[in-house]
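The values are calculated or read from the model by the stated rules, or taken from the named source; none is laboratory data. Quick caveat: nothing in here was measured; it's all calculated off a predicted structure. Ideal geometry is used to build each Cβ from the backbone, glycine not excepted, and the neighbour counts take in all protein chains shown. Keep in mind that these areas ignore ligands, DNA and RNA; they rest on the heavy atoms of the full protein, side chains included. Shrake-Rupley method; radii C 1.70, N 1.55, O 1.52, S 1.80 Å.
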Amino acid sequence: MTLKAAFIFLAPDVDASIDKSIIKTKAVELYVVGVKNYAEAVDISKKLLEEGIEAIELCGGFGNIGVSKITEAVNNKIPVGVVRFDTHPGLNNLSGDKIFM
């Protein structure tokens, strides 16, 4: 059985409708999508849940508040994991919580 999972990354100049990809292996079908802020990540997470995604992993740019928003968006129906940075080099060494909250 193939796991349907997603990885969501934060970047200021991405377009979620374009900056996405699906990587298919025997074990995992991984949806990768870039979002520009937490609000867009919430919307994308809800859509991914509707599409049958079974797990979401968030990039290190998501702070604790951002992770909480995604967990809430999927109603705890699927696990949400995090690559962990206290500050992220791709976000000028800040946390997403500092930028988006």
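Miscellaneous remarks
- Reported count of residues in region 10-49, each being modelled with pLDDT under 95 and among the small types (Gly, Ala, Ser), is 4.
- Complete set of residues in region 11-24 that are surrounded by 15 or more Cβ atoms within 10 Å (Cβ to Cβ), hydrophobic (A, V, I, L, M, F, W, C) and within 22 Å of Gly52 (Cα to Cα): Ala16
- Residues of region 55-78 satisfying the condition of being open to solvent by 30 Å² or more (accessible area, probe 1.4 Å) and of a type outside the set (A, V, I, L, M, F, W, C): Glu57, Asn64, Ser68, Lys69, Thr71, Glu72, Asn75, Asn76, Lys77
- Just one residue in the set Gly34, Gly81 is surrounded by 15 or more Cβ atoms within 10 Å (Cβ to Cβ) and within 15 Å of the chain's Cα centre (by Cα); that residue is Gly34.
- Residue satisfying condition, being within 21 Å of Asn93 (Cα to Cα), free of Cβ contacts under 8 Å to residues at least 40 places away in the same chain and of a type in the set (D, E, K, R), within set Lys36, Lys77, Lys47: Lys36
- Check on Gly52, closer than 20 Å to Lys98 by Cα, open to solvent by less than 40 Å² (accessible area, probe 1.4 Å) and touching a residue at least 24 places away in the same chain (Cβ under 8 Å): no
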